[in-house]
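Working notes, beginning with the structure itself.
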Amino acid sequence: MKVLYIPIKRKWFDMIRSGEKKEDYREIKPYWKKRFNKILEYQGEKCVEFHIYGKVRPFQIELIGIDIYTGRVEWGAERGKLYYVLELGKILKDSK
């Protein structure tokens, strides 16, 4: 399994963990392109491990895909702006 580690704000962490938020957004920048290309090249199972900035309590969630499109404002995207969109699936491991 290939794991992508991403720190996020508590608000988004809680929404993803509860299942309310099904996507995470990252700006289209070379930094993210490089990281996403590495995980997309991997042929096996992929997941994202989210953790709150500066806190331990991470959880892993299945990564279904990465695409580019506009995100939902209520999930943190700016209206009309393109993002790398991490399409999220089921929680695989939780350190609650």
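Every number in this text was worked out from the coordinates using simple rules, so none of it is lab data. Note that the coordinates shown come from a computational prediction; the quantities given were computed from them, not determined experimentally. Cβ placement follows ideal geometry from the backbone for every residue including glycine, while neighbour counts extend to all protein chains displayed.
Whether any residue in region 60-68 is of a type in the set (D, E) and outside any strand (DSSP E or B) is what I want to check. Scanning region 60-68, I find no residue that is of a type in the set (D, E) and outside any strand (DSSP E or B), so the answer is no. Cβ-Cβ contacts under 6 Å between residues 6 or more apart (or on different chains), taken from a first residue in region 37-54 that is closer than 17 Å to R26 by Cβ and touching a residue at least 12 places away in the same chain (Cβ under 8 Å) to a second residue that is surrounded by 10 or more Cβ atoms within 10 Å (Cβ to Cβ) and charged (D, E, K, R), are listed as I39/K2; I39/K46; K46/K2; C47/E62; I52/R10. Selection of region 69-88 for residues being within 16 Å of E27 (Cα to Cα), out of contact with any helix residue (DSSP H, G or I) (no Cβ under 6 Å at 6 or more places or on another chain) and not in a loop (DSSP other than H, G, I, E, B) yields Y69, T70, V73, W75, L82, Y83, V85, L86, E87. The set of residues from region 40-59 being surrounded by 14 or more Cβ atoms within 10 Å (Cβ to Cβ) and in a loop (DSSP other than H, G, I, E, B) comprises just one member, P58. Remark: E74 falls outside the filter, which requires a residue to be of a type in the set (D, E) and under 10 Å from the mean Cα position of the chain (by Cα). Can I28 be described as outside any helix (DSSP H, G or I), more than 20 Å from I16 (Cα to Cα) and in contact with a Leu (Cβ under 9 Å, 6 or more places away or on another chain)? In short, yes.
Here's a check for you: in region 60-96, which residue that is of a type in the set (S, T, Y) and farther than 19 Å from Y5 by Cα is surrounded by the fewest Cβ atoms within 10 Å (Cβ to Cβ)? Among them, the one singled out is Y69.
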